[in-house]
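Presented below is the structure to which this report refers.
The values are calculated or read from the model by the stated rules, or taken from the named source; none is laboratory data. Everything numeric here is computed off the predicted structure, so don't read it as measured data. Counting neighbours? That spans all protein chains shown, and the Cβs are built from the backbone with ideal geometry, glycine included. Just so you know, the surface numbers come from the protein's heavy atoms only, side chains and all, with ligands and any DNA or RNA stripped out. Shrake-Rupley method; radii C 1.70, N 1.55, O 1.52, S 1.80 Å.
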Amino acid sequence: MTITERYARQLLLPEIGEEGQRKLSEAKVLVVGVGGLGSPISIYLAGAGVGTLGLVDDDVVNVSNLHRQVLYDETSVGQSKALCAQARLLSLNSDITIRAYPLRLSADNARDIISQYDIVVDGTDNFATRFIISDICTELHKPYVYGAICGLDGQVAILCHGHATYRTLCNEEETRSMPHPGKQVTGVTPAIVGSVEANQVMQLICGFGEPLIDKLWSIDLCTMQSFIINI
């Protein structure tokens, strides 16, 4: 299968074309968390032809994940998410490189891992990891595509690429006393928010449109109202 055949439909877009496809093939993107958000993020970036994808996740697949974590199926239950995701994405696109990190991103390993990539994408579900990502991305001058969901609400922003960081959005001291983000969610919420995150990555790589740099996009899937604010 040739590049022209595989990416024929997006090559037709003036926003991408041959030059954008070349940029995608040369890009290195790290996805932290390959669950509800990480599934659509990594599937669409792999499908688009991002040359190198890193997948960080220390968890294993649980049957309760399957309604929203579309990288996995019933045969994956009990297995490493990072390794299952790697196999699934290579079956989708064997022309790209997939690096699996079956571990938790921490203050001890984040700098070494993130330094190998151009962009970091948020598929996490906890405050502590987001502060680590934000701090290291700020230090290394790497864009951080942030995304979060709760129930039927979601938000996306591009941080550490202008003046705003995750610390602009959240106070670390206050988050220590906040409850863990709710586990109640449909499969559709992360599908939509993760897809928007993937699109933001493509905008950064290919240089088209108006990426959410220092802007926060929010959506309420009950009312379908969405808005963007400056941060």
SASA check, Arg111, accessible area w/ 1.4 Å probe, all protein chains in place, rounded to nearest 10 Å², comes out at 110
Once a ≥ b ≥ c are taken as the square roots of the eigenvalues of the Cα gyration tensor of region 154-224, is the result rounded (a/c under 1.5), prolate (a/b larger than b/c) or oblate (a/b not larger than b/c)?
oblate
By how many nm would the segment from Met224 to Glu5 lengthen if fully extended, with 0.36 nm per residue of separation less the alpha-carbon distance?
75.3 nm
Cα-centred dipole magnitude for region 1-118, charges only on beta-carbon of K, R (+1) and D, E (-1), debye, nearest 20
40
All other residues with a Cβ under 15 Å from the Cβ of Val201 taken together, and with Lys, Arg as +1 and Asp, Glu as -1, what is their net charge?
-3
Taking Cβ-Cβ under 4.7 Å as the only way to count a partner, pick out the unpartnered cysteines of the chain.
Cys84, Cys150, Cys170, Cys206, Cys222
Of all the accessible heavy-atom surface of the chain, with the other protein chains kept in place and a 1.4 Å probe, what percent is carbon and sulfur?
53
With θ set to phi - 60° and the Karplus curve 6.51 cos²θ - 1.76 cosθ + 1.60, what are the ³J(HN,Hα) couplings of region 83-88 in order, to the nearest whole Hz, using x for Gly and Pro?
6, 5, 5, 4, 5, 4
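Can you pull the Rg over Rh of region 100-231, Cα-only, Kirkwood?
On the way: Rg = 14.4 Å, Rh = 15.3 Å.
A ratio of 0.94.
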So what is the calculated 222 nm ellipticity per residue for the chain, using -39500 (n - 2.57) for each DSSP H run with n of 4 or more, over all residues, to the nearest 500 deg cm²/dmol?
-10500 deg cm²/dmol
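Just to make sure I understand: if all protein chains stay in place, what is the order of Thr124, Thr2 by accessible area at 1.4 Å, largest first?
Numbers: Thr124 15, Thr2 75 Å².
Largest accessible area first, the list is Thr2, Thr124.
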For region 1-85, the charge dipole (Cβ of Lys, Arg +1; Cβ of Asp, Glu -1; about the Cα centre) points to a positive end, and the Cα of Ala82, Leu66, Ala48 closest to that extreme belongs to Ala48
Solvent exposure of region 1-127 as accessible area per residue, Å², 1.4 Å probe:
47
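Could you work out the equivalent-ellipsoid semi-axes for region 107-146, taking the square root of 5 times each eigenvalue of the Cα gyration tensor, largest first, in whole Å?
The three semi-axes for region 107-146 are 14, 11, 9 Å.
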Dipole-positive endmost among Ser226, Ser134, Thr189 within the chain (Cβ charges, Cα centre)
Thr189
For the chain the mean separation of alpha carbon contacts under 8 Å (6+ apart) over residue count, i.e. relative contact order in percent, is 21
Can you work out the Karplus-derived ³J(HN,Hα) for every residue in region 134-141? Use 6.51 cos²θ - 1.76 cosθ + 1.60 with θ = phi - 60°, whole Hz, and x for glycine or proline.
4, 5, 6, 5, 5, 4, 9, 6
Report, in debye and to the nearest 20, how large the dipole of the chain comes out about its Cα centre when Lys and Arg carry +1 and Asp and Glu carry -1 on their Cβ.
240
Given N residues in the chain, what is Rg(Cα) / (2.2 N^0.38 Å)?
0.96
Given all pairs of different Cα atoms, what value in angstroms does the Kirkwood hydrodynamic radius of region 1-120 take?
14.9
Using alpha carbons only: equivalent-ellipsoid semi-axes of region 49-131, gyration tensor based, whole Å
21, 18, 10
Rank Ile114, Tyr7, Gln21 by how far each Cα sits towards the positive end of the charge dipole of the chain (+1 on Lys, Arg Cβ; -1 on Asp, Glu Cβ) and give me just the farthest.
Tyr7
